[in-house]
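Worksheet for the structure shown next.
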Amino acid sequence: MKKQPKSTLANLLESFFRQHLLAQRRASPATVSSYRDALQLLITFASERIAKRPNQLTIEDLDRDMVLLFLDHLERERHNSVRTRNARLAAIHSFFHHIASHDPVSLNLAGKVLGIEGKKTTKPLLGFLDKLDLDAVLTAPDRNTSQGRRYHALLLFLARTGAQVSEAIRVNAGDLTLQRPPHVLLHGKGDKDRAVPLVKDAVAALNALLEERGVVAQAQTAVFVNARKQRLSRFGVIYILRRAVNAAAKGRPNLGIKAISPHTLRHTLAMHLLQSGVDLVTIQALLGHASVNTTHQYVEADLDMKRRALEKCGATETSPTPYRPTDEVLAFLESL
């Protein structure tokens, strides 16, 4: 019987990214970049550790001990958080699942790496803005300038649709329907599209934006662009939001001490809908969550809802009864 040829590390890396992530999973560019960075760091670390060029490494060089040393290196020397460590490990696990299914000779090695568990971490409460803070951020851009109107339209779009940054920057003019019923077609992860309604102020801002730019309903024309008319990047969106927050903080200083990201606007919409009585299933559909369990985290974060729930219980206040030991031995111990 002819012995099956052993796959090389380079071949497995190529098939993992080209066939598994891109062709089969249709992973987003952000996911591909994250997995690429994790594996690049691991290979660089292993190369330096055993004094081999990266193209000379074998699958056996990336064994359980090497991966554990790499994870320790992330925390101790690169000062990564536990969350980042676990994210890198998730990418490594995904790659070794691929190895296990495509290279039977390495099945035992892959199994040992897959047995490495992530570290437990405390899940932070979701951050969101109250209505006054949100209004301050949205009105911060100077709408007397072309740049300010672009910034305002983008921030308003994020706040009113709950779109993720990757979804917002992919929106083309052809994805917008600004006549009744106004809505936008968002392209989510894994090519999952969803239609999200647009409210009046967002429709007005988008209409004005497209009219000012002279954009008609052409499918490939980006809605949100930078000063060079190029499609906005993720970093461009973060920059615009940061400028707006800094400007708004002059009137509302509490904004200056909050960690506010574009995802905060998504959380804010969800919390405001929840507080207005919108059910979780509707919020799930609006945000494009795969599971309602993800949406349930907003209930966990809302202290006011929990407080109102307790008040509805109608618990009556009682006066505490003084403690008195009922036994001579206990009384003695209490007196010590």
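Structure values in brief
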item	result
Boolean, F128 is closer than 23 Å to R231 by Cα and within 19 Å of the chain's Cα centre (by Cα)	no
Among the candidates N80, N86, residue that is under 20 Å from the mean Cα position of the chain (by Cα), part of a loop (DSSP other than H, G, I, E, B), of a type in the set (S, T, N, Q) and farther than 30 Å from K200 by Cα	N80
Test result for L134, at pLDDT below 95, farther than 24 Å from V171 by Cα and hydrophobic (A, V, I, L, M, F, W, C)	no
Looking only at region 251-284, and only at residues there that are of a type in the set (K, R) and within 22 Å of the chain's Cα centre (by Cα), the one that is surrounded by the most Cβ atoms within 10 Å (Cβ to Cβ)	R266
Subset of region 82-105 (residues that are exposed (fewer than 14 other Cβ atoms within 10 Å of the Cβ) and free of Cβ contacts under 8 Å to residues at least 24 places away in the same chain)	S101
Filter result for L186 (within 18 Å of the chain's Cα centre (by Cα) and in a strand (DSSP E or B))	yes
Qualifying residue in region 194-203 (condition: over 23 Å from the mean Cα position of the chain (by Cα) and surrounded by 19 or more Cβ atoms within 10 Å (Cβ to Cβ))	yes
Condition check for L41: in contact with a Lys or Arg (Cβ under 8 Å, 6 or more places away or on another chain) and under 17 Å from V67 (Cβ atoms)	yes
Any hit, region 111-122, residues being of a type outside the set (G, A, S), part of a helix (DSSP H, G or I) and more than 25 Å from the chain's Cα centre (by Cα)	yes
Residues located in region 52-72, provided they are touching a residue at least 12 places away in the same chain (Cβ under 8 Å), surrounded by fewer than 17 Cβ atoms within 10 Å (Cβ to Cβ) and assigned to a helix (DSSP H, G or I)	N55, E60, D61, R64, L68, L69
Leading residue by the ranking (surrounded by the most Cβ atoms within 10 Å (Cβ to Cβ)) among those in region 106-122 that are among the small types (G, A, S) and free of Cβ contacts under 8 Å to residues at least 24 places away in the same chain	A110
Candidate set: region 123-151, residues that are in a loop (DSSP other than H, G, I, E, B) and of a type in the set (K, R); chosen: the one farthest from S276 (Cα to Cα)	R143
Scan of region 152-176 for residues that are without any contact (Cβ under 8 Å) to a residue 60 or more places away in the chain, part of a helix (DSSP H, G or I) and among the polar types (S, T, N, Q), ordered by number	none
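The values are calculated or read from the model by the stated rules, or taken from the named source; none is laboratory data. Please read all numbers here as calculations on a predicted model, not as lab measurements. So basically every Cβ, Gly included, is an ideal-geometry build from the backbone, and we count neighbours across all protein chains shown.
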